[in-house]
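The values are calculated or read from the model by the stated rules, or taken from the named source; none is laboratory data. Fair warning: this is a prediction, and the values are worked out from it, not measured in the lab. Please note: Cβ atoms are built from the backbone with ideal geometry, for glycine as well, and neighbour counts cover all protein chains shown. What goes into the accessible areas is simple: the full protein's heavy atoms, side chains included, and nothing from ligands, DNA or RNA. Shrake-Rupley method; radii C 1.70, N 1.55, O 1.52, S 1.80 Å.
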Amino acid sequence: MTKKKTHIKGFFKALPKNIFSGFVVSLIALPLGLGLAMASNAPPIAGVIAAVVGGVVVSVLGGSHVTISGPGNGLVGVILVAVATLGLNGTYAAIICSGALLTLLGFLRMGKLADFFPSSAIQGMLAAIGLIILGKQFHIMMGNEMKLAGSVEYLIAIPSTIIGAFSYDNSGFTYAATAGILALAIMVFYPKIRNKYFHLVPAPMWIVLLSIGFSYFYELVLKQPHPVDPSYMISEIPTGAQIISDIPKPDFSLVNSFGFWGSVLAITLIASIESLLSIKAVDQLDPQKRRSNVNRDLKALGIATVGSGFLGGLNVVAVIARSSVNVNNGGSNRSSNFAHAFFLVIFILLFSTQLTRIPLPALMAILVYTGYKLASPRNIAKIFKIGKEQLIIFSTTLLVTLFVGLISGILAGVFMTFFIHVMINKDLELFIKNWSKPNVLMFKEKRGDQSYYIHVKHYCTFLNFYKLKEKLNAIPETKDAVLDLSLCEFVDHTVMENLSAYQEVFHKRGGHLEIIGLDLHGTDSEHPFALRRLIPGIPFLTDNLTKRQITLEEIAKDYSLNYEADVKDDTEVLDNFRYFRTKRIEKVYNRLFNKDHSFSVFDIHYSEGEFIAKEDVRTTMIHIKLNHHIPEFTLDREGFMERLYSIAGYDDIPIDNHSDFSKRFYLLGDEPKMVQNYFNDDLVRFFESNSYYHVESDGNSLLIFRSQRTAGVKEIKKLIAFGERLAEIVLREEGLYI
Amino acid sequence: MSDTPFKNIAIGIAFSPTLEANVSEAARLTCMMGAKLSLIHVGKGNADKKQLIDTFIGNCGQEQLSYEVIFKEGDPVEVILETVKKRNIDLLLLGALKKENFVKFYLGSIARKITRKAICSVLLITNPRVERKSCKNMVVSGLKGAHTKRTIETAFFVAHRLGSNQLTIVEEIERQKVSIKVDDDQSLRKANLLQEKLKRQEETRVRRILSHIPEEHKKDIHIETQAIFGQRGYSIGHYAEIVRADLLVMNAPQKSSLLHRFFPHDLEHILNELPTDVLIIR
């Protein structure tokens, strides 16, 4: 009972933050919803309906914590085909059926379905979807809408559209293209501009706001009609009352046709894969490291899809980009998903007429960017690094998906993978004979530290990974586990990739998953596979130092520090800082450190969010290890951002007698009393008299940095000086403090 | 429990390159058990063959062994099973074959048939040697069943006689028993609690059986229990393989029908992939 009470109390305490993050998410969800629906040849409002129904139903029934549900970009391709063959009302019927199927999958506990697809094949499919979106929307973005037979034709026509864009007869088209290119520029350069005020509004919303602003500028100031051709403006958005009165009637007359069920299957397949992958990825972003109930989420998504289909909306899936924005803005439970739906309703009710002021190309630019992110050449390069055979699987899936269809594409990928595995091992029997065998053994060791021990025999590939996964899931991530693959003749890339994700989860929750027994595989000529490449980090080239690195070396000499340019994988010391709770550290490099590593300056590359919301940040930090305990705190310059956060439930800790300090600095901490005691006159004066840095303590060490970009040589010197003086004061304090 | 569970031991022999190793193993084992040995050869007998066997037995230095060579023609499976019945054999030794180029062993079709149909205990020998390799580490299946008590008792007898110093009783906890499906943190916690409970139950059951084992047999043997999670029958073989057990002792299944060959269970898994020497108690 008391447990429940604290639970409810915690919920209400977190509610303001969740409402806030739901609001930010709705800013992205609105333009994305409109765009995705239009890209699928459905009325724009269909996307918003899906997001609203999804937000309400999944937040109530779902089993995940911080995922946001709504229309998904993966589905654009299949729904496009469905609309073309079944008509709009037939598509709604197909969506309803796929929702029912999805619910069924949830009840059948088929959450593991996604495990049966090799990861390179999934990558290939996603890239194909990206190309389909990009190919079609690119022309609209450039003000050259056209109707072509297949997705490949759209891609081929891209160069001619670019050339044609310089010679439109109608200036309305030229303006349309300009709007599109400007919007694309916003999407591309948004992550590169690191200004917190600018980042308060997500990039897609900037596009919406600027478009509406321009439109009013023309109407009110210039008193001219909107320059963009009217056919390139968003078509009528129905008002709330109209949505209810105009609910489409799903047309089930095609239920007996082959094409109908083909579409239903394709939609269900993509919807489930997209949702499952998103849930998996978002679980890794969750700062509280909770485990989502995948099957429950599938059921909820299915029910939401049925509802959305009846109301004239698209499929509801779990989406990664919006979820990651949710996490980054402090969303901590499903109420943020509900809030996002709520704000969408408000937007539609209040601003539905304003939305028609947005030029279509601007909206499509968002989708072009999304498509590009899915099919980005960087992804392909990454796959190539893993192995040539992965590239074969990837391109088979990609090409078959583009030329034939999604289901054929993913099946081709699966068969190709299997074929390659058989070819590499030159042994078909190994796979067929041992497939049904329960090849995974788990027990808790009685000796030593009682860790879990898992042993896998024969082979471990995407075909039978679910067996291993079942066992891994049954281990609490806070415990230690050993996975022995020494009797496995073959381990494929899908498994290696998934295992490294498991390792990360174990690591973040305080446990440890060790994979042993693969050392021999590398030297065995029969296994020239991605095995060795995935476990250790990719080596970093050190023989070719840049100018900055050479200067860093000199600085190191000046301050009598050691310098190492290469990448360090072990970033454990940083994991405890509040700052990194929702961020993923990619690498630490260019390190300057003293003898006992208690003082180190380093460049760090970390990322925040996933997918289109992913932002890569490279900056320079100082880490100072202390020999004594100090309270945990975070100190930064006071600003607009912080005021906003304080509305959402974070409290600034005031320091008595130093109102100036409190006004200028923003101080956070879990135990305000301890922090208040710790910040004595000396320390406060030091901070007041020096320039602003972000200073954070995790109890045993300090982390100091300033900007969210790599520091120049001068800045590093300043940073070191600041760090050294702060360390001095903190050390001096130790005497007083005890 | 009778003084010795194995009084009459038999081995089926063929005149193959492994004959000497097979005969030596059988002779040694019979001596250690204090039993009588019958060597069954399906086929015509002659003085040369008998002579050869006598030499092999003489070579391995088990002079006090009482043994008998039986030559009989007919279908190998039937002949052996018949002899087992007629002569009151209570332990039958069968040699496994080694797969080419692999360190894996498998059972020939004849040996398989015999194992399925035999009414006595069967010892499957994977790697017969002329020189003795001591059997140090034994793994015993503690799977709940009507014969478990007898199996464990016999295992201790064998361990005592063979001078093993490590005996692990394995309790297999079936997946079906852990009825809670792991979906999220909460169900994971519940499932783990249930697992712990099942483990404790199994442990008490095995402890109770252990308390009935004569002290003499338990002397100098390090006894351990281990709960494992996996598929019944299969996983214990897997376990024996990774702890590098020298002998795996397990119950015979209640029955083995044709259906079981297609949906392998307990014994069939073991027959498919012999992890080590296996003693099947009937």
Note down the accessible area of B:His222, probe 1.4 Å, to the nearest 10 Å².
100
A:Glu688/A:Tyr466 FRET efficiency (R0 45 Å; Cβ-Cβ; nearest 0.05):
0.15
Please compute the length gained on full extension between A:Arg618 and A:Ser167, using 0.36 nm multiplied by the number of residues separating them and subtracting their Cα-Cα distance.
158.2 nm
Mean other chain Cβ within 10 Å across B:219-228 is 2
Rounded to the nearest 0.05, what FRET efficiency is calculated for A:Lys112 and A:Ile193 with R0 set to 41 Å and r the Cβ-Cβ distance?
0.50
A:Glu497-B:Glu215 pseudo-label distance in nm [points 7 Å out on the Cα-to-Cβ vector]
6.3
A 21 angstrom limit on the alpha carbon distance is what I want to check against. Which of A:Lys583/A:Lys717; A:Lys444/B:Lys190; A:Lys382/A:Lys547 exceed it?
A:Lys583/A:Lys717; A:Lys382/A:Lys547
What is the spin-label model distance, in nm, from B:Gln186 to B:Ser134 if the labels are put 7 Å beyond Cα along the C-beta direction?
5.6
Quick numbers on the protein assembly as shown, Rg and Dmax over C-alpha atoms in Å, give 35.2, 122
Peptide ranges B:47-60, B:147-160, A:15-28 listed from the most packed, as the mean C-beta count within 10 angstrom indicates
A:15-28, B:147-160, B:47-60
Counting only other chains, what is the mean number of Cβ atoms within 10 angstrom of the Cβ of each residue in peptide A:430-442?
4
By average Cβ neighbour count within 10 Å, what is the ranking of B:35-46, A:549-560 from highest down?
B:35-46, A:549-560
Could you give the distance between the Cα centres of region A:416-435 and region B:58-96, to the whole Å?
42
Hey, got the average number of other protein chain Cβ atoms within 10 angstrom for residues in A:714-725?
0
Förster radius 51 Å - calculated FRET efficiency between A:Ala185 and A:Ile424, Cβ distance, rounded to 0.05
0.70
Checking the table A:Lys388/A:Lys614; A:Lys192/A:Lys614; A:Lys112/A:Lys467 against a 18 Å threshold on Cα-Cα, which pairs fail?
A:Lys388/A:Lys614
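Provide the gained length on full extension for the span A:Asp246 to A:Ser408, in nm with one decimal, where the gain is 0.36 nm per separating residue minus the Cα-Cα distance.
Extra length available between A:Asp246 and A:Ser408 comes to 54.7 nm.
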Accessible area (Å², 1.4 Å probe, nearest 10) - A:Phe661
0
Tell me the label-point distance for the pair B:Lys44, B:Asn127, using the 7 Å Cα-to-Cβ offset, in nm and rounded to one decimal.
3.8
